[in-house]
Amino acid sequence: MIKRSLKASTLGIEQAKRAFQRKGWTQEYLASEVGLETRQSVWKFFKGQRIERHIFIDICLSLDLNWHEIADLHPDLAPPTQQTTLLVQKPSVASEVDTLVQQVRSLLYNPILAQCGTLRLLDTAQPVALDDVYINVNILEQLNHQRWLDLSDLQSDTATSPDRLGWNRTKQKGVSASDAITTHPKLMVMGKPGAGKTTFLQKVALQCIRGELPLTDIPIFIQLRNLAEETLTSNVIIGDDFSLLNYINWKFSEFGISVQQVETLLKHGKALILLDGLDEVRFEHTDTLLKQITNFCQTYYQNQFLITCRLAAQPYRFPGFTYVELADFDQTQIEAFAKKWFATATSKHNQEERINLATQFIDKLKLPENQPIRELAKTPILLNLTASVFQAKADFPNKRAKLYEAGLDILLVRWDEARGIQRDDVYRSLSLPHKITLLSQIAATTFEQGKYFFEQSEVEHHIADYLATLPGTSSDPETLRLNSEAVLKAIEGQHGLLVEQARGIYSFSHLTFQEYLTARYIVASPDTATLSEALQRLTAHITKPQWQEVFLLTSGLLRNADPLLMLMKQQIDTLVVTDTRLQEFLACISQKCCSLRSHYQPAAMRAFYFTLFLDRNLGLAVALDRNLARDLTPELTLDLELARAFALVQSLVNNPDIKQILALGFALNLEGLLHRSSHSETQQPLSALAQSLQHLKNQLPDLAKGRNYTLQWWQINGQDWAEEFRSMLIEHRQICHDWQWNPSQLAALKQYYQANQLLVNCLYSDCRCSAVVRADIEANLLMSKTKN
């Protein structure tokens, strides 16, 4: 008679607890999975107490356990002749299995280190130890492409994000990959090309064989493309009887591990099966391999499984697997990798030089102008590229297009070539130039429309339009539709340049690539007339911040940047040419600069005084003449300090504050600077200014009379004192005029300044322009114009 209750054995409880820990569940959750209203039966199960038979079996099934191995089979359940054998053999079998595990781990230790312990970085002559460059990664527990979002959701994130594209940082909080391993016994790790999937799996194998994980399993690391090539294309190995088990037996036999020992380990759940690169298997082998993996996982379900695959490369779903995605590197991980990379992979022999180079790399990567590069660095393979490029000159190239071109080349060609992977090219009719042209056309069309995200149907339409222009392409609409869908999936799966950000919504993997390909599309115009039209359309966007990178890239890619630079200058001048007041402002600046004797570049002087009005950001002035950053003359220093003091005064008038009052006292302490300026080459004596300034300082309230008195003085007399201070600055220094701008004029001035900054950045970005055009632009920069 079968007992209606069961309890777990001592060994069964330990095995169940490990499985429960891997699941990451609570007892309440497990109870709900089994269909129980309370956790009492679950609690009794883990305490080794008897519970109803069907509940016991359901708990084991929920934990992916064989209930026969967990149950403590009471003597009265077995035939009398077997009672003693059951009680004696169980501990003996467990002990033998544990001994076998230790023996096999010892045999596999060195082979696993040889197989997984090194890593070959792109553009490095020698492999490096994986531990020397590995950075702990995070995973996202929900795949981005499975999110149900509208285009408006993604566009709104982009509009409010300080990182140019809000979608580049998913709202999910990444969890530690090591935690995910112990939580989920069957894990499919997805990721973009170069996201570090193989490296992650190698690290897990190393940690496992070293005993650094809470698992005491035996790691079995298999590169699936090698498995397919070695077994499915060679009858020498296993003939027609292909199976994943046979492959493992064949590999383990090289280390003296028998078929019987492998079977014992697998049946007792002692293996950690690591299957790398499901997307790398050739198409003709895929179905067979998928069936084998599925059968193997179901037969030996007691073991733990990790499989890696590129996003969108495999629609097949393995039963019982949890699908996760490798997260992009965050800033902390980028910095940690950089420190390790420069300490390991750089050619510098001096350790101090390596540390300094890593510090310079991190600091320069943080600069605002390098944000497009920083976006690429979130992907490990592209971070490796940026570090490799940086080490040559301890800086990023002036022509960033070279870096982006190298990144594109890695994703399109080199990354697979470096590892000897030959993919099934479903769009093999497209040569590499055709692929780049297609991607450039998609990038330019969507960017011109202000779209960073696009519906799948829209991008497939662009692909179909391009395919229709190629010779030998079917004009049948349905055939074009199917072909365009296949091409999109190939671009996503093989190269990762287009990514499904939510269900049916795509974008470029990095905004930087969309910008670069847009610039490349403009430059690739087939004739002079078409190029001229493209440049005209481009310059119409000169006041839009999102187009700045495209301007910089286009100027660097052009064989002759003169037409673009001249068009930019003409477009910039139109921003202020119709406003008489703005023209007067520019004329006033020119007049001020002409009154000074200076060795600085004239345009830099105009930029200097222009920014005294706006925000005192000297970026444009320094870009035109770097001497302004390190060797400011006393006269310019005096004007800068006076302008800063006047800004303090204006703030005090609007909102008296004791801290700012004290700061003003220090700001007006200019006697030494006035003395140095009076001895410099100037056409205007400064003694009158010194007297006027002292007269104004004498009017200020005595701080010794107390805080309330001082604040009250500013409230009553501050406005009049400020106007007198302004009059003095205008009379003696021709600065700080009260232009009384309206909002539209103020906006026009800021756009005008930013557009000139962009023009200068293009001009000095190592673009190919003539000396005549360069000199003409510099001579007429920030000059008043008369409308024709």
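The values are calculated or read from the model by the stated rules, or taken from the named source; none is laboratory data. Computed from a prediction, not measured in an experiment: that's the story for all the values here. Cβ placement follows ideal geometry from the backbone for every residue including glycine, while neighbour counts extend to all protein chains displayed. Just the protein is used for accessible areas: all its heavy atoms, side chains included, with ligands, DNA and RNA removed. Shrake-Rupley method; radii C 1.70, N 1.55, O 1.52, S 1.80 Å.
Calculated mean residue ellipticity at 222 nm for the chain: -18000 deg cm²/dmol, from DSSP H runs with n ≥ 4 weighted as -39500 (n - 2.57), summed, divided by the residue count and rounded to 500. Each Lys or Arg adds one and each Asp or Glu subtracts one; over the other residues with Cβ under 11 Å from the Cβ of Tyr516, this totals 0.
Computed with every protein chain present, the accessible area of Asp527 is close to 70 Å² [probe 1.4 Å]. Over the stretch 300-412, the fraction of Cα-Cα pairs per 5 Å bin, rounded to whole percents and listed from the shortest bin up, is 2, 10, 19, 18, 15, 10, 8, 7, 5, 3, 1, 0. For the stretch 320-383, a crude dipole built from +1 on the beta carbon of Lys and Arg and -1 on the beta carbon of Asp and Glu, taken about the Cα centre, is about 200 debye to the nearest 20.
Taking 28 Å as the limit for the C-alpha separation, the pairs Lys23/Lys489; Lys47/Lys267; Lys291/Lys435; Lys7/Lys291; Lys399/Lys544 exceed it in the case of Lys23/Lys489; Lys291/Lys435; Lys7/Lys291. Taking +1 at the Cβ of each Lys and Arg and -1 at the Cβ of each Asp and Glu, which of Leu244, Asn708, Leu482 sits farthest along the dipole of the chain towards its positive end, judged by Cα position relative to the Cα centre? Going by the Cα projections, it comes out as Asn708. Dividing the alpha-carbon radius of gyration of the stretch 708-788 by the rule-of-thumb value 2.2 N^0.38 Å gives 1.74. In a reduced charge model with +1 at each Lys and Arg Cβ and -1 at each Asp and Glu Cβ, the chain shows a dipole moment near 1240 debye about its Cα centre. Straight-distance candidates among the lysines for linking to Lys785, with alpha-carbon spacing under 19 Å and chain neighbours fewer than 8 residues away dropped: Lys569, Lys592, Lys750. Relative to its residue count, the stretch 460-570 spans a Cα convex hull of 137 Å³ per residue. Its residue count N fixes a reference of 2.2 N^0.38 Å for the stretch 496-548, and the Cα radius of gyration divided by that reference is 1.39. Between the residues Leu746, Cys297, Ile355, the greatest Cα displacement towards the positive end of the dipole of the chain, with unit charges on the Cβ of Lys, Arg, Asp and Glu, is found for Ile355. Against the chain, whose longest principal axis comes from its Cα atoms, helix 602-614 is set at around 80 degrees.
Rolling a 1.4 Å probe across all protein chains gives Trp250 an accessible area of roughly 80 Å². Principal-axis analysis of the Cα atoms of the chain puts helix 331-344 at an angle of about 80° to the longest axis.
The length gained by stretching the chain between Thr469 and Asn717 to full extension, at 0.36 nm per residue less their Cα-Cα distance, is 81.7 nm. The long axis of helix 432-448 is offset from the longest Cα principal axis of the chain by roughly 60 degrees. Highest mean packing first, where packing is the average number of other Cβ atoms within 10 Å per residue, the peptides 192-203, 381-392 line up as 192-203, 381-392. When only alpha carbons of the stretch 637-788 are considered, Rg and Dmax amount to 20.3, 65 Å. Residues in the chain average 47 Å² of solvent-accessible surface per residue, probe 1.4 Å, ligands and nucleic acids excluded. The length gained by stretching the chain between Leu11 and Lys366 to full extension, at 0.36 nm per residue less their Cα-Cα distance, is 122.4 nm. Give me the Debye-computed log₁₀ of I(q)/I(0) at q = 0.10, 0.11, 0.20, 0.21 Å⁻¹ for the stretch 583-687, equal point scatterers on Cα only, no solvent, two decimals. Debye intensities relative to I(0), on a log10 scale: -0.31, -0.38, -1.12, -1.19.
Using the Kirkwood radius built from alpha carbon pairs, what does the Stokes-Einstein equation give as D for the chain at 25 °C and 0.890 mPa s, in µm² per second? It comes out at roughly 77 µm²/s.
Evaluated at 37 °C with a viscosity of 0.692 mPa s, what Stokes-Einstein diffusion coefficient in µm²/s does the stretch 539-625 have when Rh comes from the Kirkwood expression over alpha-carbon pairs? After rounding, the answer is 222 µm²/s.
Ignoring ligands, DNA and RNA, please state the percent of accessible area on the chain from carbon and sulfur, probe 1.4 Å. Using a 1.4 Å probe with all protein chains present, the chain comes out at 50 percent carbon and sulfur. Projected onto its three principal axes, the C-alpha set of the stretch 186-310 covers 39, 39, 25 Å, listed from the longest axis down. About the centre of its Cα atoms, the stretch 674-788 shows a dipole size close to 220 debye [charges on the beta carbon of Lys, Arg (+1) and Asp, Glu (-1) only; nearest 20 debye].
Put simply, the Cα atoms of the stretch 319-367 extend 52, 25, 12 Å along their principal axes, the longest span coming first.
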